[in-house]
Amino acid sequence: MHRYSFILMRPLQFVPVVFGVSLITFILVRMIPGDPARVLLGARATPTAIANIRAQFGLDEPLWLQYLYFLRNLANGEMGMSIVYRIDVLRLIGTRIEPTFALILCSVLLSILIAVPLAALAARNQGRSIDHAIRFASTFGIGFPPFWLGLMLMMLLAVKYPIFPVSGYGETLGDKLAHLALPSLTIALSLSTVLLRSLRAAMVDWLKSDVTTAARARGMPESIVFWRHVLPNSIAPSINLLAVNIGWLIGGTVVIESIFALPGMGQLLVRAIFSRDYMVVQGVAMVFACATVLVNFLADIATVAVDPRVKL
Amino acid sequence: MSAPLLSVRDLSVVVRNGEGEQTLLDRVSLDLAPGDILGLVGESGSGKSLLCRSLVQLLPSRAISVTRGEVWMGGRDLLALGDAQIQAVRGAEIGMIFQNPSSHLDPVMRVGDQIVEGLRFHRKLNRAAAQEEAIALMGQVGFTDPARQFAAYPHEFSGGMRQRAMIAVALSCDPKVLIADEPTTALDVTIQAQILRLLMELRERRGLSIILITHDLGVVAQTCDRIAVMRQGRVVEVGDKRDILARPQHRYTKALISSHPSMPTDEANDVVDDKVDAARLPAGPARPLVEIDDLHIRYPLSGGVFGRRRSFSAVAGVSLQIRAGETVGIVGESGSGKSTLARAMLGLIPISDGHVTFDGASLRLQREATLTKMRQQAAMVFQDPFNSLNPRLTIGQTLAEVLRVQGKVAPAAIPKRVDELLRLVELDPDYAGRRPRQLSGGQCQRAGIARALAVDPRLIVADECVAALDVTIQAQIVALFQRLVRTMDLTLVFIAHDLAIVRNLCERVVVMHHGRIVEEGPCAEVFERPREAYTAALIAAIPDIDPDRRLLAPPGLLAS
């Protein structure tokens, strides 16, 4: 499969990307004003105690040496010790990655489930009232900020009608899914509108295309014309849109995780920034960056899979 | 004539827009006999395609509707059928193929699966049987390795093979009538000949009746039994092919026949004396205006990190001299490198190897100086008149822009010069205020020529500039070029895949194949006595308007 050979080659390009990301986050984090040792020990700490902590975490070394240590640790699968939690950052992230990952996965699946049928319904009834209704409703999804939408959903579906738990994260799978329902729905309601608009536009174009004329001319019923010819052709442009939005989501779960008290990476990041926990900020930023690169890589694979003309 | 298989009676179609109704088809009546090929001829906008789509209720817009008439087939009126019933007619009884197979085939579906779709739906075959039948069908329409090509996607095929795939898709539903809507317009002459031969063969083998929509009377003369001529939504003339071609009654049919750029017959050739031809060649200055020496243009094919670098030679070692005042035609099939050569000639694409010299200045040695000189003395006319004009500018603005940049005309004199230019290309000066969208294709191309003339050039390179136009318009544009070349001191390089037009317009012809010049010489000589088999095959593939001059090209030559 020559067309897919990029799957083997592309990861080689990740190496310089990850290297660059590590350098940039390393420098940026250290440009934040404030001293982690001072934040850790409080306002009344003695200069000796602060110097001890700084020596213990290597903060008194020159920057370039700190960066080399960081790279050496990275090569050993460590990201350094968290100043606050006193465990390795990678292990710390390991305990927090699941809720964030699950939240993003559920949100994306949910928005696809919302967007595809509605886009199909709107496109096939282009210009009729149902099309207008769907497009009108979708402007709300774009217009309402997610934090407000999240609060409203919480009020409605957790407080007034207690179908879903208010906040937090569960232990068993079912419990976890129940806790993820509202935050996922919040994200999906805004994400699906973006998808819906792009899908509908593509479907409307393809419904008028020569391909559909030809399919109708050989007597194919509308359902075959739509699901077998229009839909597969309409997906391609939305894949990259989705990838860009997931990239944005990875950094943007912070707000949603805070509202629903999900113990994910967004929460971890916010706390780490406040406590100047350099190693954690650095680690989370790197994981986010790698995840974004990975999502785009998956999007490339998906694009090649749906459109045989694309070569990467 | 036996009882018609399909009979159209008094069909009228209108479009309703803001201002009211406009008649698109006006009481059209036609008959198609079993096993017949009916040629439907007329210009774009005459309603040929609409007529055929109306037969199966496939109207292109909700605003368009049938107001009266009947379409009888198999003892019932197709226009009276409901949605489900007409769906069973589409494809299964009346199949269609289209002008542009690239856009009518599903790009993300394997070619074989598109054939299987029809077989499964209309003939209710199971997956395995349908696949077997699809492979057999692909073989019938001329795929060389159907079992392997089954799994290929449309973009992996050439234009001719895509049209074959389109035909196989249409045949998969086993129709009695095949409507072929300009099936060969987008193809090279040699490929056109193959596709037409395939259609004739299918008619013989499957007893198919065909409605062939075309604007090329040559195609009709070669393939059809009967002709219907359409103009402005009406059938103005209908009858046996030979009757109509020999004794056209309607004024419009006569105009169509006279504007067909057919090759002169043998008797006509005798009139063109070789000596006269040779004498007509300009003695010219010693130094040619354009000199091309061992020109190579290569494009990189694959450039992976570890992949071997390969390249494709679009132009492979071409040497050509063009003297001032000459009219040179460059012909060849698509992919032969003629457009690449033209672009390289004007410094529009980088040269890989060799030299292009314009009026003594070498594009390689003094690039900047030569380009400046070229931009002041040479201009190009493009294939697509709409897309090569800026849609946001009026024609006047487009022309004025060129005049301003060139600086040869004083700013105050620009409006006057714009008027002059428009008159020169036989457009009313009022058109200066219009935008490309408000013009017809022919008018747009005139504007494109006016833009080239605005440079006040010594050299014009016209790249397939009539390929997108109707025949009657083609003839007008060619006449315009003839007049311009005669009255102005112009050198013209005219690129076309249509040999007949080049024959009419040019003094010298250059035949290209696979990036090389295979033959060149005075037009009359090359066309009468081609030295190369390839040139002979190209000439033989032109459908002549005389039905007795058969498409002779032996298949072996075309495949090379």
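Please specify each residue of region B:387-396 satisfying the condition of being out of contact with any Lys or Arg (no Cβ under 8 Å at 6 or more places or on another chain) and either closer than 17 Å to B:P350 by Cβ or surrounded by 16 or more Cβ atoms within 10 Å (Cβ to Cβ) (or both). If you could, list the steps in order and put the result at the bottom.
Applying the first criterion (out of contact with any Lys or Arg (no Cβ under 8 Å at 6 or more places or on another chain)) to region B:387-396 yields B:387-388, B:390, B:396.
Matches in region B:387-396: B:S388, B:G396.
On inspection, A:A49 does not qualify as outside any loop (DSSP other than H, G, I, E, B), out of contact with any helix residue (DSSP H, G or I) (no Cβ under 7 Å at 6 or more places or on another chain) and of a type in the set (A, V, I, L, M, F, W, C).
Tallying residues that are more than 9 Å from chain A (Cβ to nearest Cβ), crowded, with 20+ Cβ neighbours inside 10 Å and of a type in the set (G, A, S) within region B:105-141 yields 3. Name the pairs: first residue in region B:367-378 and over 14 Å from B:R458 (Cα atoms), second residue of a type in the set (F, W, Y), Cβ to Cβ under 7 Å, at least 6 apart or on different chains? Short answer, once both residue conditions are applied: B:T370/B:F358. Taking the criterion of being more than 7 Å from every other protein chain (Cβ to nearest Cβ) and either of a type in the set (G, A, S) or touching a Gly at 6+ places or on another chain (Cβ under 7 Å) (or both), the residues of region A:213-234 that qualify are A:A215, A:S223, A:S234. Being in a loop (DSSP other than H, G, I, E, B), basic (K, R) and modelled with pLDDT of 85 or more: is that true of B:R503 here? No, not satisfied.
Of the residues contained in region A:181-190, one or more are found to be crowded, with 23+ Cβ neighbours inside 10 Å, closer than 30 Å to A:I250 by Cα and β-branched (V, I, T).
The residues listed here are A:P36, A:P62, A:P11, A:P16; of these, the one that is of a type outside the set (D, E), more than 25 Å from the chain's Cα centre (by Cα) and within 22 Å of A:L90 (Cβ to Cβ) is A:P36.
Quick one: A:A119 ticks every box in (1) crowded, with 18+ Cβ neighbours inside 10 Å; (2) free of Cβ contacts under 8 Å to residues at least 12 places away in the same chain except a single one, so which number is it? Status for A:A119: all satisfied but (2).
Among the residues of region A:1-46, those identified as of a type in the set (A, V, I, L, M), over 17 Å from A:Q66 (Cβ atoms), without any contact (Cβ under 8 Å) to a residue 24 or more places away in the chain and surrounded by 11 or more Cβ atoms within 10 Å (Cβ to Cβ) are A:M9, A:L41, A:A45. Does B:R53 meet the test of being facing chain A (nearest Cβ under 9 Å), of a type outside the set (D, E) and within 29 Å of B:H260 (Cα to Cα)? Here the answer is yes, as B:R53 does meet what is asked. Of all residue pairs spaced 6 or more apart or on separate chains, those with beta-carbon atoms under 9 Å, a first member in region A:254-269 that is within 17 Å of A:F288 (Cα to Cα) and free of Cβ contacts under 8 Å to residues at least 40 places away in the same chain and a second member that is surrounded by 23 or more Cβ atoms within 10 Å (Cβ to Cβ) and not aliphatic (A, V, I, L, M) are A:V254/A:G264; A:V254/A:G266. Within region B:80-104, the set of residues being more than 8 Å from chain A (Cβ to nearest Cβ) and free of Cβ contacts under 8 Å to residues at least 60 places away in the same chain comprises B:A80, B:L81, B:G82, B:D83, B:A84, B:Q85, B:I86. Please indicate, with yes or no, whether at least one residue in region B:225-243 is assigned to a loop (DSSP other than H, G, I, E, B), crowded, with 21+ Cβ neighbours inside 10 Å and out of contact with any Ser or Thr (no Cβ under 8 Å at 6 or more places or on another chain). No - not one qualifying residue is present in region B:225-243. Listed here are the helices (runs of 4 or more DSSP H) enclosed by region B:367-471 that have at least 3 residues being under 29 Å from the mean Cα position of the chain (by Cα): B:395-406, B:414-424, B:441-454. Does B:D174 count as within 11 Å of another protein chain (Cβ to nearest Cβ), at pLDDT below 90, farther than 26 Å from A:L231 by Cβ and in contact with a helix residue (DSSP H, G or I) (Cβ under 9 Å, 6 or more places away or on another chain)? So B:D174 fits the description; yes. Please enumerate the residues belonging to region B:56-77 that are within 14 Å of chain A (Cβ to nearest Cβ) and on the phi > 0 side of the Ramachandran plot. Passing the criteria: only B:Q57.
Please verify whether B:R417 is under 24 Å from B:G325 (Cβ atoms), of a type in the set (D, E, K, R) and surrounded by fewer than 22 Cβ atoms within 10 Å (Cβ to Cβ), treating the condition exactly as stated. For B:R417, the condition - under 24 Å from B:G325 (Cβ atoms), of a type in the set (D, E, K, R) and surrounded by fewer than 22 Cβ atoms within 10 Å (Cβ to Cβ) - is met. Counting only helices (runs of 4 or more DSSP H) that sit completely within region B:125-210, those holding 1 or more residues that are under 27 Å from B:Q57 (Cα atoms) correspond to B:159-171, B:189-206.
Taken over region A:235-261, the criterion of being more than 10 Å from every other protein chain (Cβ to nearest Cβ) and within 15 Å of A:A123 (Cβ to Cβ) is satisfied by A:P237, A:S238.
Residues satisfying the criterion are absent from region B:30-44 (criterion: in contact (Cβ under 8 Å) with a residue 60 or more places away in the chain, within 14 Å of chain A (Cβ to nearest Cβ) and not in a strand (DSSP E or B)).
The values are calculated or read from the model by the stated rules, or taken from the named source; none is laboratory data. These figures come from a predicted structure and were not determined experimentally. Positions of Cβ are backbone-derived with ideal geometry, glycine not excepted, and every protein chain shown enters the neighbour counts.
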